[in-house]
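Below is one structure, written out as structure tokens; comments come after it.
The values are calculated or read from the model by the stated rules, or taken from the named source; none is laboratory data. Note that the structure is a prediction, hence the values are computed from the model and not measured. Virtual Cβ from ideal backbone geometry, glycine too; neighbours counted across all protein chains shown.
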Amino acid sequence: MGTSIDGDLQLAQLLKNKLGNALLAEQQMLPGTTVPQLEGAVEVAIRLGFQVPRNFECTLGKYVKSRCAHLIQGTGQRYSNASAKQIPATMYPANNPEVEGAVLDYCVSKAFRSHRVELS
């Protein structure tokens, strides 16, 4: 009888996970519903035109976190800038000026190579 209860609990958990994911996907498709876009510090740096060396990815993340802790929206998995390895990243609202400012300050202070095109 114990095995049946364990099986039922596993089935219930599986259904909860599947239905939860299905409901989330459906909710994202409802008209007028917006899903917040999130970015990690390295993604922001890349978007701003900076090339972050692999050994600086973690310190960039820590620097931005120290300045923008109030904006953290959780963590997510992302691919490392320099490898195909997935690593956990602190996530922030996309296109946030505070996060962009912190990333910019760090990248400029470390003289990371920039691919930014200055508009005239």
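How many residues does segment 41-53 contain that are closer than 15 Å to Ser114 by Cα and in a helix (DSSP H, G or I)?
6
Checking Met91 against (1) surrounded by fewer than 16 Cβ atoms within 10 Å (Cβ to Cβ); (2) of a type outside the set (Gly, Ala, Ser); (3) within 15 Å of Leu38 (Cβ to Cβ); (4) at pLDDT 90 or above: exactly one of these is not met. Which one?
(1)
Test each condition in (1) in contact with a Pro (Cβ under 8 Å, 6 or more places away or on another chain); (2) more than 19 Å from Gln37 (Cα to Cα); (3) small (Gly, Ala, Ser) for Gly76 and report the one that comes out false.
(2)
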